[in-house]
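Heads up: the structure comes next, in structure tokens.
The values are calculated or read from the model by the stated rules, or taken from the named source; none is laboratory data. Model, not experiment: these values are computed from the prediction. Every residue, glycine among them, receives a Cβ derived from its backbone with ideal geometry; neighbour counts consider all protein chains shown. Heavy atoms of the whole protein, side chains included, go into the accessibility calculation; ligands, DNA and RNA do not. Shrake-Rupley method; radii C 1.70, N 1.55, O 1.52, S 1.80 Å.
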Amino acid sequence: RRLVHDLSPAIVVIAWEGGGSTQRRAIYSEYKANRKPERLNRFYEDDIPDTADNRVWQMATLAKLLKRFPVCQVYVSDCEGDDVIAHLHRNQYKDRKKIILSNDKDFYQLLDEKTSIYSPQSKRLHTMEDVKKEFFGIQAHNFALAKALCGDKSDNIPGVKGLGFKTLVQRIPLLISDAEVTIDEVIAYCNVRRNEAKVMMNTVQSEQLIRTNWRLVYLGGST
């Protein structure tokens, strides 16, 4: 309510989690395997702990209540809410100014001139420039590829051995360019320089891992 008051959006879209991505789990069975159970609010009719029944009740109740508000709710079975948002971003609302409400940095790949992210945690808007500042110059349009290379511990996705964001920028500066870089370009770049550093050789030898990771981190691919 506060954000609607402050930002005055023309439309509010709520994307529900559709049980997780079966496509991603088929690609990599350990995807998000290390995630901790969600912390839930208490169930006030009876004192039920953090259980699946409690979660279902809370989500169903919230969805029912939201029907009374002027918002649009979207649910796609067997699909992550992140992918729903990415699909709407690239298709339904492609030419409109958008604000994504989330603390999840996975959405950084969706940032552009018309799109910003409001983080409830930091209580501020994040833009393409914020990605560059936080990740050593990496461009938002190359953020998904950077994650495919470096991996993501929070989603249990292993990256190229010895490659973090800082090393990535130092060794493979392609990702700080204005161009949208491809996996083929990264592999070709590292292959020419494979004897300069071990991490370059590791990148070349991890080509299949990188391609698999890309399918896991790219949003909208499962819709």
DSSP beta bridge pairing in the chain, given as percent antiparallel to the nearest 5: 40
Whole-number accessible area per residue in Å² for the chain, which is evaluated in the context of all protein chains at 1.4 Å: 62
Burial ranking of peptide ranges 173-186, 126-139 (average Cβ count within 10 Å, highest at the top): 126-139, 173-186
Cross-link partners of Lys98 among lysines (Cα-Cα below 18 Å; sequence separation of 8 or more within a chain): Lys114, Lys123
Number of Lys pairs (Cα under 19 Å; 8 or more positions apart or on different chains) in region 125-223: 10
Within region 107-151: Cβ-based charge dipole about Cα centre, in debye rounded to nearest 20 (Lys, Arg +1; Asp, Glu -1): 120
Debye, to nearest 20: dipole size of region 76-223, +1 on Lys, Arg Cβ, -1 on Asp, Glu Cβ: 380
15 Å beta-carbon shell around Asp95, net charge (K/R +1, D/E -1): +4
Residues whose placed amide H lies under 5 Å from that of Leu101, excluding near-sequence neighbours: Tyr118
Cut-off under 5 Å, modelled amide H: who pairs with Glu17 long-range: Gly81
Hz values of 3J(HN,Hα) by residue in region 71-76 - Karplus curve (6.51, -1.76, 1.60), Gly and Pro given as x: 10, 9, 10, 10, 9, 10
Gain in span if fully extended, Leu3 to Glu180, counting 0.36 nm per residue against the direct Cα distance: 60.5 nm
Net charge over other residues, Cβ less than 12 angstrom from the Cβ of Asp6 (K, R count +1; D, E count -1): +4
Dipole axis of the chain (+1 Lys, Arg; -1 Asp, Glu on Cβ), positive-most option in Thr61, Val76, Gln139: Gln139
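Could you work out the helix-only [θ] at 222 nm for the chain, with each DSSP H run of four or more residues adding -39,500 (n - 2.57) and the total divided by the number of residues, to the nearest 500 deg cm²/dmol?
-10500 deg cm²/dmol
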For region 93-163 and region 185-215, distance of Cα centres in Å: 22
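So what is the diffusion coefficient of the chain in µm² per second by Stokes-Einstein at 20 °C and 1.002 mPa s, using a Kirkwood Rh over Cα pairs? Present the calculation step by step, with values, prior to reporting the outcome.
Values: Rh = 19.3 Å.
Rounded, D is 111 µm²/s.
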